[in-house]
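Each value in this text was obtained by applying a stated rule to the coordinates, not by laboratory testing. As the structure is a prediction and not an experimental result, all values here were calculated from the model. Because the Cβ atoms are built from the backbone with ideal geometry, glycine has one as well, and the counts that use them run over all protein chains shown.
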Amino acid sequence: MPTSEAPRVEWTVRNQGTIATDINRWVDQVYLSTSPTMGAGAVLIGSLTHVGPLAVGSSYSAAFDMILPRTVGVGYMYFIVKTDAFGNVFERSNTGNNTAVAATSTQILAELAADLTVSNVTGPTSVRPNDPVTITYTAGNNGTAAAIGPWRDRIYVDRGINGLTEVASIFNSDRLEIGASVTRTVNFTLPYWFYEGDFTWVVRTDADNTVSELAGESNNQVVSAAGVHVARPDLQLSNVQGTSLVQSGAQVQVDWTVTNIGNQVGSNWTDQVYLSKAGVSRLMATVPRNGGLATGASYAASVDFTVPLDFSGEYELLVITDSGNAIDDHSRTDNRVSRNVTVNLSPYADLTVSGRDGTGPRH
Ligand SMILES: [Ca+2]
Ligand SMILES: [Ca+2]
Ligand SMILES: [Ca+2]
């Protein structure tokens, strides 16, 4: 019988002495033993108090439905009953027959239970916050009973000393038979605020422990074999080239380089060039960047623009990559570079109209 069942143990006690029992209350005990003798290894599994005197030649039958403790172990064992276990009844020296062993042994089986397992946890090895993510894993039942739902599996990112951060969960309402396994797929979006770093994926099955697995609770959480690099893109502007002295009204060329030192980008953005003075910026040029940029890749950009005719003095030439904040950039401080530019006002004609030259009003 499995240890989870309640076996009924029955016994009969007879008074074969010459007088009735001197007291009317004593305790019978039930033991389990691997040998058919009351040795040191016998395990007490229950006791029953008998109430009432027992006359000469009389007997009583007792029965007991007992839950076997899990510590009793498994295998063939003998039930042993010891009446008047504490020797309260006066029997002169006739206590040697107070213990009786069941005629046959009883097979004690391990308690049946499901043992949910997780294996083959896989997910993306590089991901950006706010990206869609698919995690797959194998869910199995390595136990001796079917796993009967529902139960919940939770998906975490293991951030090392910062612990587990839950990112998704799925509810299993299906039944998982003994020895069965199934591939599960979980789709979710990594939160936009998610931490950057090198982590691992973690799946914990039956995270809320609604399935009793007895000794099988310790194998429910498994880490992905491969790590996951969580990072935002990080555009970095460098190599801004342009003249530092220009004439107003002249055409100038500005060159720059943008490198992606973060995670890859697949979408488009624009770079812009400004001239600013005294806190007022004037847009000079816009250069679209299409087709994204892989991790570690860079591109060179160049643009020509005409310095406005009325500009004069000290200006700041400002180049900004992704000036419209289209990319979830890791750090925007390296997205802009400024240089000082001196603009000399060009001489230009200043036509005026005078009435004395015949075109003005007549006198
Ligand atoms: Ca388990
Ligand atoms: Ca469990
Ligand atoms: Ca940046």
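Miscellaneous remarks
- Segment 124-179-segment 92-114 distance, computed between alpha-carbon centres (Å): 45
- The spacing between segment 251-298 and segment 200-236, judged by their C-alpha centroids, is 40 Å.
- Efficiency of FRET between Q264 and R339 - r from beta-carbon atoms, R0 25 angstrom, step 0.05: 0.25
- Couplings 3J(HN,Hα) of segment 326-338, computed from phi: 6, 9, 7, 6, 4, 8, 8, 5, 9, 8, 9, 9, 10 Hz, in residue order, whole Hz [Karplus 6.51 cos²θ - 1.76 cosθ + 1.60, θ = phi - 60°; x for Gly and Pro].
- A full extension of the chain between R25 and T134 corresponds to an added length of 32.3 nm, given 0.36 nm per residue minus the alpha carbon distance.
- Fluctuation leader among G87, G292, G324 - the chain, Gaussian network, Cα springs under 10 angstrom: G87
- Efficiency of FRET between D174 and S58 - r from beta-carbon atoms, R0 56 angstrom, step 0.05: 0.40
- A cut-off of 5 Å between modelled amide H atoms, ignoring neighbours fewer than 5 places along the same chain, links I45 with V30, Y31, L32.
- Inter-label distance for I161 and A110, nm, one decimal - labels placed 7 Å from Cα along Cα-to-Cβ: 4.0
- Scattering profile of segment 8-108 at q = 0.11, 0.24 Å⁻¹ [log10 I(q)/I(0), Debye over alpha-carbon scatterers]: -0.34, -1.32
- Gaussian network model of the chain, Cα within-10 Å springs - most flexible of T136, T34, T189: T34
- Along segment 83-99 the Karplus relation, 6.51 cos²θ - 1.76 cosθ + 1.60 evaluated at θ = phi - 60°, assigns HN-Hα couplings of 8, 6, 4, 9, x, 7, 7, 6, 10, 6, 10, 8, 9, x, 9, 7, 10 Hz to successive residues, with x for each Gly and Pro.
- Distance-filtered residues of segment 260-287 - backbone nitrogen under 20 Å, label point 7 angstrom along S244 Cα→Cβ: 274-278
- Neighbour-count ranking [beta-carbon atoms within 10 angstrom, fewest first] of R282, R336: R282, R336
- Computed from the Cβ-Cβ distance with R0 of 35 Å, the FRET efficiency linking D304 to N325 stands at 0.85.
- Paramagnetic label reach from K277 (point 7 Å along Cα→Cβ; backbone nitrogen cut-off under 11 Å): within segment 289-322, residues 308-316.
- The ranking of V121, V56, V51 from fewest to most other beta carbons within 10 Å of each one's beta carbon is V51, V56, V121.
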